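Beneath this line is the structure, given in structure tokens, with notes to follow.
The values are calculated or read from the model by the stated rules, or taken from the named source; none is laboratory data. These numbers come from a predicted model, not from an experiment. Reconstructed Cβ throughout: ideal geometry from the backbone, glycine too, with neighbour counts over all protein chains shown. The accessibility values were calculated without ligands, DNA or RNA, using every heavy atom of the protein model including side chains. Shrake-Rupley method; radii C 1.70, N 1.55, O 1.52, S 1.80 Å.
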Amino acid sequence: MYFVVIVEPEEVNAERIRAILESVDKNFEYELTPSPEKAIEIVENKKVDVFISSLELAVMTGAELFSMIEMMSPETVRVAMTSSDRIAETVACMNQCKTFKVIIKPCRVADDLLSPINASITYKEICEKARREEEEIGKGLFATERDLKKMEMSWHEKLSVYQRMQKVLEKVIHTNIKAGSMDAEVENKLKSWYDWMLDSYIRTMFDSDGQFENALKELKTTYHYPDEGCCFQLKKNFEAAVLPQKMNEMTYILKIVIEVHKRCQGKYRIGAIIENSDKAYILRIVCGLRGEKELRAENDESVREALSKAAGEAIAAFGYKSVTMKKGKDVVINIAVHK
């Protein structure tokens, strides 16, 4: 039997959750508490398969709570609960704390709650299966092509789970955009941009191996077309390998920077270098500015501003310190990616 912990200080929604869970058949036990401190105590003393918490807490932030749970029990699947008007905070929390799913409050019907919980349990089963298979491979127990194929299928199953999460977020974002009072054309362009950012995030953070050489090859293949006025260069100034997770994060940041230039300006000239220090990688990105009289890929200034703002928010969601400055005709972005 699986065990789920739910942290919900909001009394009305907590009662809805309790009513739902007491009225359905389920393959898990649960404990519902309004207190983050009580939830931490439970995780310390019991094996918790799924940990769900509201992001709106009094004593600490949702991100702080999820970070503590990750340190205490890294195998526990973490799920954020939030309202539909807090998209930026939710995405930031997902980036920082690696939360698996989002539950949109209030939970009005059983599926609003049970679907994310069941998906989290399924994901945990997939992860545990993959972990066991990796351990067996490490012991030399797998030697056939068929066994390696099973491992590949397992990873694809995990990717499929993340893609389902992506669809949920896309729906939330689209709903949030529709709630505004913007032009239909601007709305569609923003939806397309958010969809691209989510899809790119899932693929880069999950389906990439985090190797510098492979990241460089992918970025240059996708974005380096000098004959069309689209130039991109990336190098690192040290011999040691970059930590794979951090390489994936920097690759995603670079994709956002290049893509927003591509959508807004059309042509671009972007160079980046990764420097190494004791506690962080320093990602320096130099973006060549275009003249005001040159044709742009996107003529609507409001769209350019909206895309740029969303790009900035996505990068800021990682929580890394960044400094942007103008140097002649170039914009220089310095980001400290903590190890």
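For this structure, a couple of remarks:
- Rolling a 1.4 Å probe over the protein chains gives M72 an accessible area of about 70 Å².
- Solvent-accessible area, 1.4 Å probe, carbon plus sulfur percent, for region 185-339: 51 percent
- Note on F28: accessible area is roughly 10 Å² with a 1.4 Å probe, heavy atoms of protein only.
- Legend: distances between Cα atoms for K129/K339; K217/K262; K189/K309; pairs beyond 20 Å are K129/K339.
- By the Kirkwood approach, averaging reciprocal distances over each pair of separate Cα atoms, region 189-339 gets a hydrodynamic radius of 15.9 Å.
- Shown in residue order for region 308-313 are the 3J(HN,Hα) couplings computed by the Karplus curve 6.51 cos²θ - 1.76 cosθ + 1.60 at θ = phi - 60°: 5, 5, 5, 4, x, 5 Hz (x for Gly and Pro).
- Ranked by the mean number of other Cβ atoms within 10 Å per residue, highest first, peptides 36-42, 296-302 order as 36-42, 296-302.
- Unsatisfied cross-links (Cα-Cα over 20 Å) in the set K267/K321; K236/K279; K235/K255: K267/K321
- Rolling a 1.4 Å probe over the protein heavy atoms leaves K26 with an accessible area of roughly 70 Å².
- Protection proxy ranking, peptides 311-322, 242-253, 226-237, average beta carbon neighbours within 10 Å, highest first: 242-253, 311-322, 226-237
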